[in-house]
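To start, the structure under review is shown below, and the notes come after it.
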Amino acid sequence: MKINTADRDFSKGSMLGNILRLAGPMILAQLINVLYNVIDRIYIGRWGENASDALTGLGVCLPVITVVIAFANLIGTGGAPLFSIERGRKNSRETEALMGNSFALLLGIAVVITLIIYITKRPVLMLLGASNATLPYADSYLSVYSVGTIFVMISLGMNSFINAQGFSKTGMLTVLIGAGLNIVLDPIFIFGLKMGVTGAALATVISQGASAAWTLTFLLGKRTEVKLKLSAMRLKPARVRKILSLGVSGFVMGLTNSAVTMVCNAELRVYGGDTYIAVMTIINSVREMISMPVMGMTNSIQPVLGYNYGAGLMKRVKTGIRDSSVILVLYTLVMWIAVVVFSEGFLGMFTRDTAIIEAGLKPLHIYFFGFVFMALQFSGQSIFVGLGCAKRAVFFSIFRKVIIVIPLTVLLPRVFGVHGVFAAEPISNVIGGSASFLTMYFTLYRKLDK
């Protein structure tokens with residue numbers, strides 16, 4: 001099949017048109033991707049008389065799952081922007097080497113993570129807030145999920161290279177195949193075979209395996225512009241350092257998200273108990289659902305900006321930054337209003353327990369206050385990554401979560417009780433989002449012409 005390279009030459013046509021052409025499939029892919037774990041929580045929240053304990057058990061596993069995804073992002077968000085810049089420079093040899101080295105790193109990291117999770121899972125789960133009632137469910141889920149770590153790494157990490165070449169529809173199919181299979185298998189394993197949380201984890205692993213197989217089939221096939229080659233997998237220290245230094249932004253964001261969840265669960269266990277850990281699990285699920293279009297948009301920005309940056313077309317880069325930022329702000333504003341208006345509907349998606357729904361209304365409103373500032377955080381940070389400014393991207397990953405959220409999560413409950421835990425996030429969005437975007441504007445955007 002002949003490849004239409006014109007569709008993947010981001011130096012042609014309008015910047016917003018190129019971004020939206022990638023963004024449509026990417027946003028749909030991100031929304032579908034949320035279903036991997038969210039659909040598990042929806043089904044488990046309706047599973048028998050122990051549904052609340054089982055749902056809380058899955059919530060306790062979230063920091064570990066976030067760490068696995070963070071390692072996939074370490075390589076994917078590190079290698080793919082560099083790959084895009086070299087595509088803009090027409091440097092085919094380096095693009096092959098970047099993709100091959102990234103794949104080798106993903107495989108090695110996956111093996112190490114799997115062993116660590118399997119050996120340390122029970123004490124780690126207790127540290128993350130599991131109680132005697134919820135530990136069996138958390139342990140059952142994580143024991144099975146850890147087996148599929150390699151599939152997560154390949155499907156998430158290498159799909160970035162499919163999108164970076166402009167094959168956004170193929171990248172969407174990577175996610176669609178896995179999520180669609182997960183939706184079908186979940187009720188069969190959870191209810192039909194009566195496997196509960198173990199069935200939910202097994203359905204997820206099988207689905208991720210299918211996504212990984214699709215990703216490799218495409219990158220090894222004839223349709224891809226840059227093919228995955230064994231000869232390109234030989235690691236070069238200088239290249240690995242470049243991948244890791246740029247990818248550390250997405251990695252740190254994942255790790256800090258995991259750390260925040262750990263601290264939240266620990267504080268909620270003291271001030272609110274299992275009910276409020278379940279509430280936080282649901283709120284995190286809602287946040288994932290409505291923020292994934294933002295992630296899809298920012299992921300589509302990076303290859304387009306990187307390509308034009310590599311080609312030296314700075315005015316086009318500035319246009320892309322401006323137009324995409326406006327769209328992100330408008331979307332998050334609309335979703336903030338939707339959460340306020342349809343609060344009970346969002347909570348009711350994940351549980352039938354009226355006590356949890358009643359307890360979750362005020363925390364939901366607090367948590368999403370000022371959600372529009374989240375767009376500024378993601379916009380500023382993704383632009384830094386897309387243009388290779390690793391240090392600034394890393395700083396703002398750490399600044400919002402480690403310097404603002406974690407201390408506030410510990411301090412605010414001592415003044416405002418359990419609701420103080422949920423107040424830390426909106427405060428960090430306002431401060432961190434504003435700082436990230438304004439720094440990008442004054443230190444990068446205004447200097448691009450020069």
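The values are calculated or read from the model by the stated rules, or taken from the named source; none is laboratory data. Keep in mind the model is a prediction, meaning the values are calculated, not measured. We place every Cβ from the backbone using ideal geometry, glycine too, and count neighbours over all the protein chains shown. Heavy atoms of the whole protein, side chains included, go into the accessibility calculation; ligands, DNA and RNA do not. Shrake-Rupley method; radii C 1.70, N 1.55, O 1.52, S 1.80 Å.
Assorted remarks:
- Cα-only Debye scattering, region 59-117: base-10 log of I(q)/I(0) at q = 0.18 Å⁻¹: -0.66
- Mean accessible surface per residue for the chain, computed with a 1.4 Å probe while every protein chain stays in place, in Å²: 39 Å²
- Surface composition of region 168-245: carbon plus sulfur atoms hold 70% of the accessible area, using a 1.4 angstrom probe and ignoring ligands, DNA and RNA.
- Accessible area ranking (1.4 Å probe, heavy atoms, ligands and nucleic acids excluded), largest first, for ILE357, ILE75: ILE357, ILE75.
- Rg followed by Dmax, in Å, when the chain is reduced to its Cα trace: 21.1, 64
- In loop segments of region 144-211 as defined by DSSP, there are no chymotrypsin sites (Phe, Trp or Tyr not before Pro) with at most 10 further C-beta atoms inside 10 Å of their C-beta.
- Rg to Rh, two decimals, where region 76-233 supplies the alpha carbon set and Rh follows Kirkwood: 1.06
- Which listed pairs, of LYS90/LYS315; LYS90/LYS222; LYS242/LYS318; LYS90/LYS401; LYS318/LYS401, have C-alpha distances above 26 Å, in listed order: LYS90/LYS401; LYS318/LYS401
- To the nearest 10, the accessible area of ASP449 is 90 Å² with a 1.4 Å probe.
- Rounded to the nearest 10 square angstrom, SER52 shows an accessible area of 40 square angstrom against a 1.4 Å probe.
- Calculated on the Cα set of region 160-219, radius of gyration then Dmax: 13.4, 43 Å.
- When VAL294, VAL124, VAL240 are compared by accessible area at a 1.4 angstrom probe, the order from most to least is VAL124, VAL240, VAL294.
- Largest accessible area first, the residues MET172, MET349 order themselves as MET349, MET172 under a 1.4 Å probe with ligands, DNA and RNA left out.
- Mean shadow area of region 334-408 over all directions, Cα convex hull, nm²: 6.3 nm²
- The long axis of helix 237-271 is offset from the longest Cα principal axis of the chain by roughly 20 degrees.
- Alpha carbon convex hull of region 199-335, volume per residue in cubic angstrom: 195 Å³
- MRE, 222 nm, helices only [DSSP H, n ≥ 4, -39500 (n - 2.57), over the chain, to nearest 500]: -27000 deg cm²/dmol
- Binned Cα-Cα distance frequencies in region 312-364 - 5 Å width, integer %: 4, 17, 18, 12, 10, 9, 8, 7, 7, 5, 2, 1
- Accessible carbon and sulfur surface of region 327-388 relative to its total accessible area, %, 1.4 Å: 75 percent
- The heavy atoms of TYR43 present about 50 square angstrom of accessible area, all protein chains included, probe 1.4 Å.
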